[in-house]
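**Q** Just dropping this structure here.
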Amino acid sequence: MKRIIITLLTGSLMLACGAGKSSEAKKHAAATLYEQLKSIGNNGVLFGHQDDLAYGIGWKYEEGRSDTYETAGDYPALFGWELGGIELDRPVNLDSIPFHLMRHLAVKGYNMGGVLTFSWHPFSPLDSTKNAWTTDTEVVKHILPGGSHHQIFKQYLDRVADFLASLQTNEGIPVPFIFRPWHEMDGDWFWWGSSLCSPEEFKQLFRFTIEYLRNQKGLDFLSAYSPDNRFNTEEEYLTWYPGNDVVDIIGVDNYGDFRVGTENIEAASHKLEIVVRYAEKTGKVAAFTESGLDKMTDLKWFTQKLGRSIFSGKEAGKIAYVMLWRNADTTHFFSTYPEHPSATDFKAFVRNEKVWLLKDWNQFKQKNNLD
Ligand code: BMA
């Protein structure tokens, strides 16, 4: 009898330790990522690229390939991924990446030392045939608690949560990531955008999303707030801000101020400064969450436009990272690739000791005991 009790006790102790270990590791993961990003300060800026490990110009799903690596000799320090389609239980995302491949590549990117960030362009919970860019119907007010489509919205979030929870190392340790939903809300091109919902509704939507994923689904992650560039002051920037308790990364998306012909690099820089100052004030991480130039028609864009916007003033360089959008094909790409004439300028851009690709980032973490 005694032996049975001892065996049972040992068993439950082991179970308890196992559970403790996994939730500790989980907590540790996002908190560690946050500390790592905060430590960057003015030392450097991580270079990130959307879908970098999945496809590029002239190739798709070839393990080990990367337009960034093939152009500059190293991988990005941050990898962006897109969840659109997961909410409908689709096997592939909006941009035809199978989710099982995304899981594999995202975890691989993390194992290499990279930071992961996930965007989400969900279909409308009111009508699953309508994509994120549908702006003919009000959606947000109907999916908030008490709304007619709240249950469907929760089902969407359940699917997002299932996928994000499945991002684990071979040892079953959850990998840390940044989740960046409801971006560019100040624009009018998404169903959660400024023409179809009020700032109050938006704040509720953002807060519900983060709290549901954290409290109901037990996910541990960093969340990013990223309006587009339609602000000139901190007050305007904060129009849609849901609160310091549900935001970790103070971000901005900006393509508009970089458009050839009407570009305004000083304005772009000023907006980064607003972001940096607010992040400093609140002890958070500032980031340039999306940018790029479609088809890279300006061959000096990296050093003269992007580089200037970040490094010309004193403050903007305090962002932790800048992420460029995807390289889909020769009609839709926002960074560079080896054969493109902008490749030389990209190499010059990353030679700047403050622009960090993966090796620089790994070295920094190692040197500062941040792993
Ligand atoms: C947009 C474009 C689309 C893509 C979407 C979601 O900016 O790149 O082609 O489907 O992002 O990734």
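The values are calculated or read from the model by the stated rules, or taken from the named source; none is laboratory data. From a predicted model like this one, the values you see are computed outputs, not experimental measurements. No Cβ is skipped: glycine too gets one built from the backbone with ideal geometry, and neighbour counts run over all protein chains shown. Remember, those area values only see protein heavy atoms, side chains included, never the ligands or the DNA or RNA. Shrake-Rupley method; radii C 1.70, N 1.55, O 1.52, S 1.80 Å.
**Q** Return the residues of the stretch 354-371 that are assigned to a helix (DSSP H, G or I) and closer than 17 Å to N42 by Cα; say none if nothing qualifies.
**A** Kept after step one, since they are assigned to a helix (DSSP H, G or I), are these residues of the stretch 354-371: 358-367.
Once the filter is applied, which keeps residues that are assigned to a helix (DSSP H, G or I) and closer than 17 Å to N42 by Cα, the stretch 354-371 yields D360, W361, N362, Q363, F364, K365, K367.
**Q** Right, next: Name the residue, out of E290, E263, E280, that is out of contact with any strand residue (DSSP E or B) (no Cβ under 9 Å at 6 or more places or on another chain) and among the acidic types (D, E).
**A** Working: E290 fails: out of contact with any strand residue (DSSP E or B) (no Cβ under 9 Å at 6 or more places or on another chain); E280 fails: out of contact with any strand residue (DSSP E or B) (no Cβ under 9 Å at 6 or more places or on another chain).
On inspection, the qualifying residue turns out to be E263.
**Q** Another one. Tell me which of these I178 doesn't satisfy, since it passes every other one: (1) closer than 30 Å to R103 by Cα; (2) of a type in the set (V, I, T); (3) open to solvent by 20 Å² or more (accessible area, probe 1.4 Å).
**A** Single failed check for I178: (3).
**Q** Only one of S198, S128 is more than 28 Å from K38 (Cβ to Cβ), open to solvent by less than 50 Å² (accessible area, probe 1.4 Å) and over 20 Å from the mean Cα position of the chain (by Cα); which?
**A** Numbers: S128 fails: open to solvent by less than 50 Å² (accessible area, probe 1.4 Å).
Answer to the check: S198.
**Q** In the stretch 312-333, which residues are in contact (Cβ under 8 Å) with a residue 60 or more places away in the chain and either more than 16 Å from the ligand (Cβ to nearest atom) or of a type in the set (A, V, I, L, M, F, W, C) (or both)?
**A** Filtering the stretch 312-333 down to residues in contact (Cβ under 8 Å) with a residue 60 or more places away in the chain leaves 317-330, 333.
Correct list: G317, K318, I319, A320, Y321, V322, M323, L324, W325, A328, F333.
**Q** Check T289 against each of (1) away from the ligand (no atom under 16 Å from the Cβ); (2) assigned to a strand (DSSP E or B); (3) among the β-branched types (V, I, T) and name the one condition it does not meet.
**A** T289 satisfies every listed condition except (1).
**Q** Out of all the residues in the stretch 133-142, is one or more within 13 Å of the ligand (Cβ to nearest atom) and open to solvent by 60 Å² or more (accessible area, probe 1.4 Å)?
**A** First pass over the stretch 133-142, keeping only residues within 13 Å of the ligand (Cβ to nearest atom): 133.
Next, from what is left, pick out any that are open to solvent by 60 Å² or more (accessible area, probe 1.4 Å): 133.
Yes: one or more hits.
**Q** Can you find, within the stretch 143-167, the residue that is nearest to F99 (Cα to Cα) among those that are open to solvent by less than 60 Å² (accessible area, probe 1.4 Å) and of a type in the set (V, I, T)?
**A** V160
**Q** Name the residues in the stretch 133-147 that are out of contact with any strand residue (DSSP E or B) (no Cβ under 8 Å at 6 or more places or on another chain) and of a type outside the set (D, E, K, R), would you?
**A** Of all residues in the stretch 133-147, those out of contact with any strand residue (DSSP E or B) (no Cβ under 8 Å at 6 or more places or on another chain) come to 133, 135-136, 138, 140-147.
Answer for the stretch 133-147, where residues must be out of contact with any strand residue (DSSP E or B) (no Cβ under 8 Å at 6 or more places or on another chain) and of a type outside the set (D, E, K, R): W133, T135, V140, H142, I143, L144, P145, G146, G147.
**Q** What number of residues within the stretch 304-353 satisfy the criterion of being among the charged types (D, E, K, R), out of contact with any strand residue (DSSP E or B) (no Cβ under 9 Å at 6 or more places or on another chain), in a helix (DSSP H, G or I) and open to solvent by 40 Å² or more (accessible area, probe 1.4 Å)?
**A** 3
**Q** Identify, from the list G256, G261, the residue that is at pLDDT below 95 and either among the small types (G, A, S) or open to solvent by less than 40 Å² (accessible area, probe 1.4 Å) (or both).
**A** Only one candidate passes the filter, namely G261.
**Q** Yes or no: the stretch 152-165 includes at least one residue that is outside any helix (DSSP H, G or I) and either hydroxyl-bearing (S, T, Y) or in contact with a His (Cβ under 6 Å, 6 or more places away or on another chain) (or both). Full working, then the answer.
**A** Restricting attention to the stretch 152-165, the residues satisfying the condition of being outside any helix (DSSP H, G or I) are none.
The answer is no, given that none of the residues of the stretch 152-165 is outside any helix (DSSP H, G or I) and either hydroxyl-bearing (S, T, Y) or in contact with a His (Cβ under 6 Å, 6 or more places away or on another chain) (or both).
**Q** Could you tell me how many of the residues in the stretch 65-123 are assigned to a loop (DSSP other than H, G, I, E, B), away from the ligand (no atom under 15 Å from the Cβ) and open to solvent by 10 Å² or more (accessible area, probe 1.4 Å)?
**A** Initial filter on the stretch 65-123 (assigned to a loop (DSSP other than H, G, I, E, B)): 65-66, 73-77, 83-85, 89-91, 93-97, 112-114, 120-123.
After this cut, where a residue has to be away from the ligand (no atom under 15 Å from the Cβ) as well, the list is 65-66, 73-77, 89, 91, 112-114.
The next check asks that each one be open to solvent by 10 Å² or more (accessible area, probe 1.4 Å); those that pass are 65, 73-75, 89, 91, 112-113.
Of the residues in that region, 8 qualify.
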